[in-house]
1. So what is the calculated 222 nm ellipticity per residue for the chain, using -39500 (n - 2.57) for each DSSP H run with n of 4 or more, over all residues, to the nearest 500 deg cm²/dmol?
2. For the range 25-95 and the range 359-408, what is the centre-to-centre distance using only Cα atoms, to the nearest Å?
3. What nm distance separates the two modelled labels at Gln39 and Asn327, each placed 7 Å from Cα along Cα→Cβ?
4. Placing one identical point scatterer on every Cα of the range 1-52 and ignoring solvent, what is log10 I(q)/I(0) from the Debye formula at q = 0.13 Å⁻¹?
5. Given the options Ile326, Val316, Gly336, identify the residue whose Cα lies farthest towards the positive end of the charge dipole of the range 271-336 (+1 on Cβ of Lys, Arg; -1 on Cβ of Asp, Glu).
6. Rounded to the nearest 20 Debye, what is the dipole magnitude of the range 173-301 about its Cα centre when Lys and Arg each give +1 and Asp and Glu each give -1 at the C-beta?
7. Search the structure for amide H atoms under 5 Å from the amide H of Arg196, placed 1.01 Å from N in the peptide plane, and list their residues when 5 or more places away or on another chain.
8. Among the lysines, select those whose C-alpha is under 19 Å from the C-alpha of Lys282, and discard any that sit fewer than 8 residues away in the same chain.
Amino acid sequence: MGTLQIIVIGGGAAGFFGAIAAAKSHPHPQVTILEASPQVLGKVRISGGGRCNVTHACFEPKLLVQNYPRGNKALLGAFSRFQAQDTVTWFQKHGVHLKTEADGRMFPITDTSETITSCLVNAANAAKIKIQTRTPVNRVTYHRGKYEITLKSGEKQECDRLLMATGSNPIGYQIAQSLGHTIISPVPSLFTFNVRDTQLNQLAGISLPNVKIKLSVPDHPGLEQTGAFLITHWGFSGPVILKLSAWGARILHQHRYQAKLQINFLPHLSPEEIRQQLIQTKEEVPRKTMFLYRGVEIPHRLWQYLLSRANIQEQVRWAEVSKRQINQLITELTQGQYLVSGKGVFKDEFVTCGGVDLKEINFKTMESKISPGLYFAGEILDIDGITGGFNFQSAWTTGYLAGCAMAI
Ligand SMILES: Cc1cc2nc3c(=O)[nH]c(=O)nc-3n(C[C@H](O)[C@H](O)[C@H](O)COP(=O)(O)OP(=O)(O)OC[C@H]3O[C@@H](n4cnc5c(N)ncnc54)[C@H](O)[C@@H]3O)c2cc1C
């Protein structure tokens, strides 16, 4: 029997992890990566603002899966075999040390994605993996236990096992479909929200560590998230918004990115506690103007903006504020309504929700239940995580499991 031939289409995070795991298995198969671009690992290079947020310091599979709006059930078993701790160990064994930031995100200690790309390329070279760049694949057919791969150049290659790791590329979806798979329609995830309000947009740069936001669209119960929040020149960003964009990716797409937000700027206080703080301020500093003297702990310019939303004029002194105005101010502080008018760009991370239907995949091996010898890993699957290193983690996990299984 000749050497087992394995082809990996796509030289990204998932493709490399799959190829390396396969090439290291016994007996050693011949592994080839076919990559369309001139350079491999393009997204790893630009990821995390050039620092590569490799994974997240969440080492309990049951908790880890909670960060995946799509794929959480299927990933539970996969993470019990290869999870974030295994990623840390894998990179450590290959000479890369990761550090954890205060919010749990893990980066190489060098703070450059170059450390990760060179580690993966070195590991692939050491495992004698053949890497062919500028080699876009156009078509794949299955015939009598072999996969025939047709390149854009017209050249053909053949293999016994095939790993599809083409990310969110439409040709990858087409190939998967041609081999009998269902594609859940792809839509963007991880984006910022546009909110048209010139006065608000002037507050760009203001951030709050903990804000609770409810997002609603017609005929949907609504989504709620809590976390750090940032006002930008065009609307809202920050982890709480990115989480809403991920969990709401599909409904927001269906509603053309038009939605309502209800914001609680002080989720740690009840409306009654806020009222008491405001009344206390009124008693303590009756002669001061409300614009210049805040009644609660929020950034000053945001306080002034919320006063104007509550129809409290600049010259109003604390002694003059009416009960009705206090009520209106509490509403603005705890349940102010904002309209999302579109989606913006989050430049540090971006993923596609949708892809190969997970029901058609065996998550122990990442093998197709439809076409034997065909495997899937990474973003081509209908899996995506919130921002924070979770997207690479699912690429490492599915790539590793596929690589180990396909070499046997
Ligand atoms: C700007 C940006 C920053 C990000 N930062 C982070 C981060 O810090 N942390 C995190 O967890 N996630 C991050 N992500 C998400 C992460 O990059 C993806 O989840 C991850 O790259 C998916 O890996 P993959 O291998 O499945 O796909 P990809 O990385 O997209 O790799 C697929 C590869 O297949 C190749 N290919 C496609 N079609 C073909 C074809 N027909 N023939 C041959 N080759 C083909 C492509 O050229 C590509 O190289 C970021 C994404 C972006 C866009």
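1. Numbers: 14 runs with 141 residues, N = 408.
My calculation for the chain gives -10000 deg cm²/dmol from helical runs alone.
2. Using only Cα atoms to place each centre, the spacing works out to 10 Å.
3. That separation, rounded to one decimal, is 6.1 nm.
4. Summing over Cα pairs of the range 1-52 leads to -0.37.
5. Val316
6. On the way: 13 positive and 8 negative charges, 53 e Å.
Taking the Cα centre of the range 173-301 as origin, the dipole is about 260 debye.
7. Correct list: Ser341.
8. Lys323
Every read-out reported here was derived from the displayed coordinates using simple, explicitly stated rules and does not represent laboratory data. Predicted model, so just to flag it, every value in this text is computed and none were measured. Positions of Cβ are generated from backbone atoms using ideal geometry, with glycine treated the same way; all protein chains shown enter the neighbour counts.
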